[in-house]
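The values are calculated or read from the model by the stated rules, or taken from the named source; none is laboratory data. Since we're looking at a predicted model, the values are computed, not measured. Here the Cβ positions follow ideal geometry from the backbone for every residue, glycine too, while neighbour counts run over all protein chains shown.
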C-alpha cells in the first residue's frame, strides 16, 4: 500500500533520514521503533507532506505522492495522528472531529457514529472544549479526528506518550480494532514492547537508517532489540 524508497530528509545541514526503505502492506499494522532523534517522526511527517524530502520516493497505491501538499495526501486516504495530540483547545470536541472531515464531499455521519462507538467519552463530551480534556481523552480525540477523513492508511506518532499504563493499554486495543475494521496502520512508538506485540511487521530505525526488519514476534525475541529497546 505504502512504499518508501531511499528517503532522505535534511534539517539545515544535518541529514535526519538517510536512505530509508520501508513498505506497509495493505491491511497490516507496521511499527517503526527507535531511540529519540532516530528520524521516526520525521519519516511520518514527510509521508504526510509536512516536511519536504531531499531525495527518494514515496508511493501510495502506486501513485507517487512525494512532495504533494498535505491536503492532497489526506484526500488520497492517508492521515496522521501527530505526536503531542495537537487538538484545537478552544474548539469543542465535536468541532475538532468535524475538522477531520473538512475535505470530504460525502456525508461523514456514519464515521462520526463509528468514532463515538470507539470512544464513547467523546460523544459524552461533544460540547466540551478540547483543551479541558485529560491527556488520554485528547489522544482519543486526535485518533478520532484522523478517522473522520475516512483514511485507508492512518499513521500514528507516539500515541502512548505521557499516558498512564491503563490508558496506554486501551489505546493499543483501539489500534487493533481500527485495523480489524480495514484501516492499515503505520505506528511510531517508543513503547517498543507494546508496539511489537501489536504489529504484524516492525522496523528498527537508528540514526536515520533502518537497521533491522522482521515480524513483530521475531523482533520481540531478537537479542539486539531486547537489549536496546525492551530493557532485557
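Out of the residues in the range 203-213 meeting the condition of being free of Cβ contacts under 8 Å to residues at least 40 places away in the same chain and surrounded by fewer than 16 Cβ atoms within 10 Å (Cβ to Cβ), tell me which one is farthest from residue 54 (Cα to Cα).
Among those that are free of Cβ contacts under 8 Å to residues at least 40 places away in the same chain and surrounded by fewer than 16 Cβ atoms within 10 Å (Cβ to Cβ), it is 213.
Is it the case that residue 42 is within 19 Å of the chain's Cα centre (by Cα) and either under 26 Å from residue 182 (Cβ atoms) or part of a loop (DSSP other than H, G, I, E, B) (or both)?
When the stated conditions are applied, residue 42 does not pass them.
Take the residues in the range 65-82 that are part of a loop (DSSP other than H, G, I, E, B) and more than 10 Å from the chain's Cα centre (by Cα); name whichever of them is modelled with the lowest pLDDT.
Restricting to residues being part of a loop (DSSP other than H, G, I, E, B) and more than 10 Å from the chain's Cα centre (by Cα), the top hit is 67.
Residues 218, 200: which one is exposed (fewer than 15 other Cβ atoms within 10 Å of the Cβ) and either over 24 Å from residue 37 (Cβ atoms) or touching a strand residue (DSSP E or B) at 6+ places or on another chain (Cβ under 7 Å) (or both)?
The conditions single out 218.
Would you be able to tell me the number of residues in the range 1-24 that are in contact with a strand residue (DSSP E or B) (Cβ under 7 Å, 6 or more places away or on another chain) and not in a strand (DSSP E or B)?
Final tally of qualifying residues: 1.
Test residue 27 against the criterion of being in contact with a strand residue (DSSP E or B) (Cβ under 9 Å, 6 or more places away or on another chain), in a loop (DSSP other than H, G, I, E, B) and touching a residue at least 40 places away in the same chain (Cβ under 8 Å), and give yes or no.
When the stated conditions are applied, residue 27 passes them.
Just to be sure, is residue 32 farther than 21 Å from residue 118 by Cβ, part of a helix (DSSP H, G or I) and in contact (Cβ under 8 Å) with a residue 60 or more places away in the chain?
no
Give the residue, chosen from 184, 198, that is under 16 Å from the mean Cα position of the chain (by Cα) and within 20 Å of residue 101 (Cα to Cα).
On inspection, the qualifying residue turns out to be 184.
Looking only at residues in the range 33-47 that are touching a helix residue (DSSP H, G or I) at 6+ places or on another chain (Cβ under 9 Å) and buried (at least 20 other Cβ atoms within 10 Å of the Cβ), which one is modelled with the lowest pLDDT?
My answer is 34.
Collect the residues in the range 159-169 that are modelled with pLDDT of 85 or more and more than 16 Å from the chain's Cα centre (by Cα), keeping them in residue-number order.
169
Taking the range 176-197 on its own, how many of its residues are part of a helix (DSSP H, G or I) and in contact with a strand residue (DSSP E or B) (Cβ under 6 Å, 6 or more places away or on another chain)?
4
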